[in-house]
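One structure is given below, encoded as structure tokens.
The values are calculated or read from the model by the stated rules, or taken from the named source; none is laboratory data. The structure displayed is predicted, hence computed values, not measured ones. Neighbour counts run over all protein chains shown; Cβ positions are idealised from the backbone, glycine included. These area figures cover heavy atoms from the full protein model, side chains too; ligands, DNA and RNA do not enter into them. Shrake-Rupley method; radii C 1.70, N 1.55, O 1.52, S 1.80 Å.
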Amino acid sequence: MIKLLVGHKGSGKTKQMIDLANESVKDAKGSIIFINKNQRLMYDLKYRIRVICMEDFEHVTNSDEYIGFLYGVISSDHDIETIYIDSILKHADFALGDLPEFIERLKDISKNYGMDFVVSVSAEREEMIGVDFEGCEILN
């Protein structure tokens with residue numbers, strides 16, 4: 001399942017995502033991963049959540065490389081329940097036009113590996129032209 005947090009900058013998406021991640025780790029039987037652009041949120045998340053800072057992976061520069069990066073994370077841990085991706089448009093030079101294909105690829109990964117993704121996007125749903133929201137849940 002793909003869960004989306006949408007809205008413009010300053011609408012509280014990151015705080016909501018942190019709360020969701022911290023709540024989910026309480027009952028998690030597998031791993032929870034939180035991918036963020038930098039390390040500023042590291043201490044807001046519970047210690048059982050694996051935090052990945054994309055600043056440490058500066059050579060991931062487009063959506064194809066980002067998907068490859070996700071496969072690398074998945075291959076290193078076969079017990080992942082949920083991957084949280086905060087502010088995807090700030091990672092790897094993403095643009096709104098990249099979202100339709102990216103979301104479809106996440107749907108495939110979710111289905112094939114039995115994991116959820118929670119992704120925040122700094123845009124309104126109406127701005128996400130071409131995204132097929134079938135199979136996605138909008139959380140806000």
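One table, with the values for the structure above:
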read-out	value
Ratio of Rg to Rh over the chain (Cα coordinates, Kirkwood Rh, two decimals)	0.92
Relative contact order computed over segment 1-88 (Cα-Cα under 8 Å; 6+ residues apart), in percent	36
Dipole moment magnitude, nearest 20 debye, the chain about Cα centre, only Lys, Arg, Asp, Glu C-beta charged	560
Net charge contributed by nearby residues that have their C-beta within less than 14 Å of Ala28 (K/R +1, D/E -1)	-1
The chain - percent of accessible surface contributed by carbon and sulfur, probe 1.4 Å	47
Amide N of segment 19-44 lying under 19 Å from the label point, which is placed 7 angstrom from the Cα of Arg105 along Cα→Cβ	34-37
Charge dipole (debye, nearest 20) of segment 24-90; +1 at Cβ of Lys and Arg, -1 at Cβ of Asp and Glu	320
Cα-projected label distance for Asp19 with Arg50, points at 7 Å along beta-carbon direction, nm	2.7
In Å², nearest 10: area of Arg48 left accessible to a 1.4 Å probe	120
Set Lys3/Lys107; Lys9/Lys107; Lys15/Lys90 screened for pairs whose C-alpha atoms are more than 18 Å apart	Lys9/Lys107
Computed label-point distance, nm, for sites Glu58 and Lys29 using a 7 Å Cα→Cβ extension	4.2
Average accessible area per residue (Å²) across the chain - probe 1.4 Å, nucleic acids and ligands excluded	53
Solvent accessible area, Å² - Lys37, 1.4 Å probe, full protein context	80
